[in-house]
Amino acid sequence: MSVTNLPPDSDTIAARRVVMAALARAEHRELDEPLTLYWRDMEIRDLRAPEIGLVMVQGRIGGDGSAFNMGEATVARAVVELPGSFRGYGQRLGRDIMTTRLAAVVDALWQDAGARSLVEAEIIEPIRRRIATEKAQKKAETAATKVDFFTLVRGESEA
C-alpha cells in the first residue's frame, strides 16, 4: 500500500461526504467481504473504540420553520488509524458497532489515493447500486398505490 497523505481539496471533501453517506447505509457483508479479501492482514489501530450513544434529532416546522427537538436516536461510532496516519471515522444509526468499525476502516482506506480506486470499485459502488435499486423499488411500490384525484364538473342544463 502506498502512502500518499495529501491535504484534501474541496472536491475530495465533497466526494468523501458521499462515500461516508454510503458507508452509513452499508450492510455488514458489503464491508466485511471486500476487506477480508483485499486487506486481510492490514494493521488497524482503534483511536476510539466502537461505542454506542445518543444524538438529539431535530426537526423544523414546515421543513423550514423554527427548529424543535423531536427526540433521541441511537448511534454507533468508531475512529481507527491505518499505517500512514490515515484516520477513518464511522458513524451510523443503530447499535451495530462492528459494521461501524468496518465503515471507519473503509473511510481510512478511501483517503489513501493508492487504495481509493479499489475501494470505490469493490466497496462503494456496490453499496451505491444497492441503495439506488432499493430507492427505485420503493418509488415503484409507492407509484403503484398513487391515487389521482380529479374534479368532475357537472354541467347543469339550462332549461
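The values are calculated or read from the model by the stated rules, or taken from the named source; none is laboratory data. Everything numeric here is computed off the predicted structure, so don't read it as measured data. Cβ coordinates were reconstructed from backbone atoms using ideal geometry, including for glycine residues, and neighbour counts include every protein chain displayed. Note: accessible area is taken over every heavy atom of the protein model, side chains too, but ligands, DNA and RNA are not part of it. Shrake-Rupley method; radii C 1.70, N 1.55, O 1.52, S 1.80 Å.
Figure legend. Inter-residue proximity from the range 38-66: first residues without any contact (Cβ under 8 Å) to a residue 60 or more places away in the chain and closer than 24 Å to PRO83 by Cβ, second residues of a type in the set (Asp, Glu) and surrounded by 11 or more Cβ atoms within 10 Å (Cβ to Cβ), beta-carbon distance below 6 Å, spacing 6+ or different chains. Indicated pairs: ARG45/GLU81; LEU47/GLU81.
Evaluation of GLU122 against the conditions (1) more than 21 Å from GLU30 (Cα to Cα); (2) in contact with a Pro (Cβ under 6 Å, 6 or more places away or on another chain) shows that the sole unmet condition is (1). Scanning the range 75-87 for residues being open to solvent by 50 Å² or more (accessible area, probe 1.4 Å) and at pLDDT below 95 gives a total of 2. The condition of being over 20 Å from the mean Cα position of the chain (by Cα) and among the aliphatic types (A, V, I, L, M) holds for only one of MET98, MET42, MET56, that being MET42. Scanning the range 8-36 for residues that are in contact (Cβ under 8 Å) with a residue 12 or more places away in the chain and of a type in the set (A, V, I, L, M, F, W, C) returns VAL19, MET20, ALA22, LEU23, ALA24, ALA26, LEU31, LEU35. Scanning the range 88-127 for residues that are in a loop (DSSP other than H, G, I, E, B) and open to solvent by 10 Å² or more (accessible area, probe 1.4 Å) turns up GLY94, ARG95, ASP96. Just to be sure, is ARG101 under 12 Å from LEU47 (Cα atoms), out of contact with any helix residue (DSSP H, G or I) (no Cβ under 8 Å at 6 or more places or on another chain), of a type outside the set (Ser, Thr, Tyr) and modelled with pLDDT of 95 or more? The answer is yes for ARG101.
If only residues of the range 49-74 that are within 20 Å of GLY94 (Cβ to Cβ) and small (Gly, Ala, Ser) are counted, the one that is most open to solvent (accessible area, probe 1.4 Å) is ALA49.
For residues that are part of a strand (DSSP E or B) and acidic (Asp, Glu), tally how many sit in the range 21-66. Reasoning before the result, please.
First, pick out the residues of the range 21-66 that are part of a strand (DSSP E or B): 45-60.
When the remaining residues are screened for being acidic (Asp, Glu), the result is 46, 51.
Matching residues across the range 21-66 total 2.
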